[in-house]
1. Where Lys and Arg each count +1 and Asp and Glu each count -1, what net charge lies around Val41 among other residues with Cβ under 13 Å from its Cβ?
2. Work through the residues other than Val149 whose Cβ is under 15 Å from its Cβ and net out their charges, Lys, Arg +1 and Asp, Glu -1.
3. Measure off, as a whole percent, the carbon and sulfur share of the 1.4 Å-probe accessible area of segment 54-129, all protein chains present.
Amino acid sequence: MRGRRQWRGAVCLVALAVLAGFAVPGTAAAHPFGDPQTVAVGLGDDRPDVVRVRWRVGGSDDLTLLGVSLGILPQDRVMLDGAVFYRDTDAAAIAPAPAFAKYLLERITVQTNRQACPGVLQPIDDLAKRGVTIDYTCPGPVGTASVAVRTLTDLHPAYQTLATGPDGQRTVYRQGADSHDWPLGDSPATVPASGSSAAIQLGAVVAGVLVAIAVVWLVGRRMRRRRAPA
């Protein structure tokens, strides 16, 4: 019985170690405080000259932390140990604040042919759940748009953004890799090599855990054989 418990404990420790290895900053898994923020990139409805970007925060505590950093929420919402206290009213306070709109327009930018496309925030319905939609009007019909996303990395460099586009395009924005070219119009869409979907990441984690369990099982089997009476 004791041997079985030790074996099960070893399996759990190895599995946790494998998962921790995939969760360190620099991978495409997520930022260190919870679910990653997301961005969806596409063209505006019946507007080939408009690039539409929808940004959603990862966790409610991240939204509160952002509100505090922008001076919209009081400083006492973040404790000295880093704990963040979210309230249901936080999103409603942040959404209409001019500082929030300015922050998004400065941290999410769009260019076509090296020309900046000015953005306008659309009316926000539910910031915490549905996020924010920003329409960027470009000088002409968009073929490929260069979209930069730098949100939250000013709060912590390990924040990352999972981004999706038309035809299965995807990428991961992070510090040091905050700009990406998206084929949106007549340009052929390709899935960038630098991108990594959550499904692929999850599959890699599961595979790693299974390999670790198999190794521990083989070791445990050999140990039981050695202890068995001849």
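1. Counting the neighbours of Val41, the net charge comes to +1.
2. Once positives and negatives cancel, what remains is +2.
3. Percent of accessible area from carbon and sulfur atoms in segment 54-129: 52.
The values are calculated or read from the model by the stated rules, or taken from the named source; none is laboratory data. Model, not experiment: these values are computed from the prediction. Don't worry about glycine lacking a Cβ; one is built from the backbone with ideal geometry, like all the others, and counts go over all protein chains shown. Remember, those area values only see protein heavy atoms, side chains included, never the ligands or the DNA or RNA. Shrake-Rupley method; radii C 1.70, N 1.55, O 1.52, S 1.80 Å.
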